[in-house]
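A quick write-up on the structure given underneath.
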Amino acid sequence: MPAPVFQGLARNWKAGLAVSVVSIPLALALAITSGATPTQGIITAVWAGLLAAVLGSSNFNVVGPTGALAGILVSYAIVHGYQLLPIVAILSGLIILAAWLLRLDKYIIFIPRSVVHGFTLGVAFIIGLGQLNNALGITHLTLRESQLENVLATLQALDRADWMVFLLFLGCMAFIHLWNKKIKRFPGAAAAAFLAIAVMGGLRAAGFDPTPATLGDRYPDVHAALFESPLAAVKWSLFTQRDLWLLSLATAVVAILETLLSGQIANNLTGTRFNRRREVFGLAAANLGSGLMGGIPATAALARTALNIKSGADHRSSAVVNSIVVALVAVFFIEYFKLLPMFVIAAILVTVAIGMIHRRHFVHLISNEKTAFVLSLVVAALVLLVDPIIGILIGTVAALLIFVNKLSYGQTEIVLWKDGRMIEALLKHDFLRREKIESDAVIYNISGTLTYINMPAHLEAVQKIRGNQYVVISLRHAFYADADGIEYLSEIIELLKNSNDKILLAGINAEIRPIVVRQEFYHTKSVEGKIYDRTSDALTDILAQRAARQTDSAAGN
C-alpha cells in the first residue's frame with residue numbers, strides 16, 4: 001500500500017469511525033423507509049461506500065442509502081417487492097456509467113436548484129409521514145403504493161395507537177435535537193440509537209418485556225450478511241417493464257445530482273476541489289457493486305459528508321474506514337440492533353427529513369424569486385401527491401419553459417445619438433414605452449443568442465426605429481445563432497432599411513461569424529462597405545461623414 005494511503009489512514013481513521021457510528025442506524029432506517037430490508041441497507045452502506053471512496057474523487061463524500069432516493073424507491077418496492085431493488089441499483093449504475101462515458105453528467109446538473117429543493121421537500125414529507133405508524137406504535141398495517149393512502153390508513157387506526165410510544169417518540173426527537181445543539185462532534189441520532197438498544201437490552205435481561213415494537217419484531221429475519229444474490233429475482237420479462245427503467249433513470253439522475261451537490265458543498269466548506277467526472281465514475285461503480293452484492297441504490301449523503309468534515313477528515317480513507325467498521329459491526333453485533341425500537345427509528349428518520357429541508361434556500365426564493373419558490377412548492381406537492389419521478393420531470397420542464405419565456409423578451413440596450421453625441425441609452429422595455437424617439441443615429445445591440453425564441457421580440461422592437469440617418473446593429477455580444485435567428489436578422493435589416501437611411505453591421509462575434517458571412521445581407525453590406533469590426537469604428541465613420549456633410553454645407557453657403 002503506498003505511503004500516502006498509510007498517511008491518510010493515520011490521519012483519518014477517527015473521522016471514519018465517527019461517521020460509521022451514525023452510518024449504521026441510518027443504513028438500517030433508510031433501508032426500511034426505502035421499502036428494503038435492514039440487511040440490504042447494511043450491504044449498501046458497506047459496498048457502495050467502499051467502492052465510491054476507492055474509485056471516486058472527493059476526499060469527503062460518504063456514499064450510502066439516502067432519504068433522497070428513499071422517496072423514489074419506496075412505492076416501487078411496495079408494489080413489486082424489495083427483492084427488485086438490487087436490480088434497480090444495477091440498472092442505475094449502468095445508466096450513470098453511460099452518462100459518464102457520454103459526458104452527459106454535465107447536463108444533468110442543469111436542473112435548477114429550485115426544482116431540486118422542491119423535490120427534496122416532497123421527499124422529506126414522504127419520509128416523515130411514512131413514519132407516522134411507527135411513531136404512534138401502530139402495527140400490522142398493510143402498506144399501499146400511495147403514501148397518502150398509507151397516512152389515511154394510519155389515521156383510521158388511531159384507536160390502536162399506543163400513546164406512551166408516541167410520547168417516547170417525541171422525547172426521542174427532543175433528545176436528538178438537544179444533543180445535536182450541545183454536542184456537535186457526535187450525532188444525536190447515533191446516541192439515541194445506542195442508548196435505546198442499551199435500555200431495551202437491560203430491561204429484557206432483567207426479565208421485563210417492553211411493549212414498543214423493535215427492529216427484530218418487525219424484521220425477524222434480519223441477519224449479518226454482506227452479500228445476498230440478486231439473481232433470484234431476475235426474470236427476463238422484468239426488463240420490459242417501463243416502470244423499472246423509468247425508476248432506474250430517475251434514481252440515476254437524482255444520485256448524480258446529490259453526489260455532485262454534496263461534493264460541491266464539501267468543496268465550499270474545505271476550500272478544496274474534486275474531479276467531477278471521476279466522482280460520477282465512482283458513483284456508477286458504487287451502485288453496480290451495491291446491486292450485485294444485493295444492496296439498493298446509493299448516493300452521497302449530505303449529513304454524513306458534513307459529519308466526516310467536522311470530524312477532521314482530509315482524505316478518502318475516512319470513508320473506507322467507515323465502510324469497514326459498518327461491515328464489522330454488522331457481522332458481529334447485528335443481534336443487538338434487533339433491539340432498536342421502531343419509534344427510535346421513526347425519530348431518526350423524521351430528524352433526517354427535517355434536515356433535508358433547506359430553509360435558507362426557500363427564504364432566499366421568497367425574497368428574490370417568488371416564481372421559483374412557487375415552482376418548488378408545486379414540485380414538492382407533485383412528489384408527495386402523485387409521484388417523485390413525475391414531480392422532478394414536470395418541475396424541470398416547467399423551469400425550462402420559464403427560462404425560455406424570459407429569453408423570449410429579447411432584452412437589449414439601445415443607444416441614441418443626435419447631433420454627433422450620445423443622448424441616451426435605454427433598455428428595450430424603456431425604449432418601447434417612449435411615444436417619440438428623436439435621434440439621427442441608433443446603436444441597436446443584440447446580446448446573447450439569435451434564435452427563434454428571442455428574435456421575434458427584437459423584430460417587434462425595431463419597428464419603432466424610424467427616420468434615422470444611421471442604424472448600427474451591433475453583434476459583439478451575440479454568441480450563438482441558429483437558422484431561424486439568422487432569418488429574423490435578415491428581416492430586421494430589411495425592415496430597418498425601409499424606414500431609415502443607412503443600416504450598418506458592427507462587431508460580429510467570432511462565434512456566429514461563420515453562419516453570418518454565408519448570408520446574402522452580409523455580402524450586400526460588405527460590398528457597400530457598411531460592416532465594421534467594432535461599433536466604435538462605425539461611430540467614428542458616422543461622425544466623419546457628418547463632419548464632411550457639415551463642411552460641404554458650409555462651403556456651399
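Taken together, the values in this text are just the output of simple stated rules run on the coordinates, not laboratory data. Note that the structure is a prediction, hence the values are computed from the model and not measured. With ideal geometry, Cβ positions are generated from the backbone for all residues, glycine too; neighbour counts draw on all protein chains shown.
Name the long-range amide H neighbours of Ile138: under 5 Å, sequence gap of 5 or more, or other chain; modelled H, no Pro or chain starts.
Asp162
With no solvent and one point on each alpha carbon, what is the Debye value of log10 I(q)/I(0) for segment 483-557 at q = 0.12, 0.18, 0.21, 0.26 Å⁻¹?
Ignoring solvent entirely, the Cα scatterers give -0.42, -0.80, -1.00, -1.30.
For segment 410-556, treating each Cα as an identical point scatterer without solvent, what Debye log10 I(q)/I(0) comes out at q = 0.18, 0.21 1/Å?
Log10 of I(q)/I(0), two decimals: -1.05, -1.43.
So what does log10 I(q)/I(0) come out to for segment 215-283 at q = 0.24 Å⁻¹, using the Debye formula with one equal point on every Cα and no solvent?
Relative scattering, expressed as log10 I(q)/I(0), comes to -0.99.
Using the Cα centre of the chain as origin and beta-carbon charges of +1 (Lys, Arg) and -1 (Asp, Glu), tell me which of Tyr522, Gly391, Leu26 is placed farthest towards the positive end of the dipole.
Leu26
If packing is taken as the average number of other Cβ atoms within 10 Å across a peptide's residues, how do 322-331, 537-546 rank, most packed first?
Numbers: 322-331: 21.2, 537-546: 16.2.
Result, highest mean Cβ count within 10 Å first: 322-331, 537-546.
Can you list residues from other chains, or at least 5 along the same chain, whose modelled amide H is less than 5 Å from the amide H of Ala478?
For Ala478, whose amide H was placed from the backbone, the distant partners under 5 Å are Gly448, Asn509.
Using a Cα-Cα cut-off of under 27 Å, which lysines could be cross-linked to Lys181, ignoring same-chain neighbours fewer than 8 residues away?
List returned: Lys14, Lys310.
Using modelled amide H (1.01 Å from N, peptide plane; none on Pro or chain starts), what sits under 5 Å from the amide H of Leu504, excluding residues fewer than 5 places away?
Close amide H contacts, sequence-distant or interchain: Val471, Val472, Ile473.
In segment 410-556, what is the count of Lys pairs whose alpha carbons are under 16 Å apart, counting only pairs at least 8 residues apart or on separate chains?
11
Please compute the Kirkwood hydrodynamic radius over the chain, one decimal place, Å, based on all pairs of different Cα atoms.
Evaluated over the chain, this radius sits at 27.1 Å.
Taking the Cα atoms of segment 21-106 alone, what are Rg (to one decimal) and Dmax (as a whole number) in Å?
Looking at segment 21-106, its Cα Rg and Dmax stand at 13.4, 38 Å.
With a cut-off of at most 14 other beta carbons within 10 Å, and DSSP calling the residue loop, which trypsin sites (Lys or Arg not before Pro) in segment 375-456 qualify? Please list them. Walk me through the numbers before you get to the answer.
Details: sites: Lys406, Lys418, Arg421, Lys428, Arg433, Arg434, Lys436; in loops: Arg434, Lys436.
Answer by residue number: Arg434, Lys436.
In whole Hz, what ³J(HN,Hα) sequence does segment 83-91 give by Karplus (6.51, -1.76, 1.60; θ = phi - 60°), x for Gly and Pro?
Coupling constants for segment 83-91: 4, 8, 4, x, 5, 4, 4, 5, 5 Hz.
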